[in-house]
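Values quoted throughout were computed directly from the atomic coordinates according to the rules given, and no laboratory measurement underlies them. Just so it is clear, the structure is predicted and the values come from calculations on it, not from any experiment. Cβ sites come from the backbone with ideal geometry, for glycine too, and all protein chains shown count toward neighbours.
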Amino acid sequence: MHEMSIAMSIVEIAEETAREANADKVFKVNVDIGELSGVMSDSVLFCYEACATSEIVAGSELVVNSIEAVASCPSCENSFSPKDRYFLCPGCGGPAGLLQGEELSVRSVELS
Ligand SMILES: [Zn+2]
């Protein structure tokens, strides 16, 4: 399961951050998940709860920050929000580039 391995690496990053800072506990983990990353936020939340079992991360909160997909067209400078990975500019029908929306990263780890 894709989301389970994502949740496990989030747990690892949180544990590592706490260890490096000599903290006993992780309080909150903030992650960015893009609309087009193909990752289900709900599943990641669920899996995080299931695998955040070590003393250092148990009871910590995972906060998913959903990043809206934004693309822009180099020919007509139209900017829009694609709902799919494959898209054309709605203004001129030409190829457009994605600026954001595929993120999958840990933004910050709050320690207590
Ligand atoms: Zn265009």
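General observations
- Working from label points 7 Å from Cα in the Cα-to-Cβ sense, the Asp42 to Ile13 distance is 2.3 nm.
- Degrees separating the helix 2-20 axis from the principal Cα axis of the chain, which is the longest one: 60
- In degrees, nearest ten, helix 41-51 long axis to first principal axis of the chain (Cα): 20
- Residues of region 94-111 with an amide N closer than 16 Å to a point placed 7 Å from the Cα of Cys76 along the Cα-to-Cβ direction: 94-97.
- Restriction of the GluC sites (Glu not before Pro) in region 38-112 to DSSP coil positions whose beta-carbon has at most 11 other beta-carbons within 10 angstrom yields Glu55, Glu68, Glu77.
- Residues in region 59-79 reached by a label modelled at Leu98 [backbone nitrogen below 14 Å; 7 Å Cα→Cβ]: 67-72
- Short-range pairs are left out: with C-alpha atoms under 8 Å and at least six residues apart, the relative contact order of region 2-111 is 36 percent.
- Among Thr17, Thr53, the order by Cβ neighbours within 10 angstrom, fewest to most, reads Thr53, Thr17.
- The region of the chain that goes longest without hitting one of the trypsin sites (Lys or Arg not before Pro) in a DSSP loop, each with at most 14 other Cβ atoms within 10 Å, is 26-82.
- Long-range amide H partners of Leu104 with built H, under 5 Å: Gly34
- Convex hull volume of the chain per residue (C-alpha atoms, cubic angstrom): 95
- Helix content alone sets the calculated 222 nm mean residue ellipticity of the chain: runs of n ≥ 4 DSSP H residues at -39500 (n - 2.57) each, divided across all residues, give -9000 deg cm²/dmol.
- Per DSSP, loop chymotrypsin sites (Phe, Trp or Tyr not before Pro) in region 16-112 with at most 12 further Cβ within 10 Å: Tyr86
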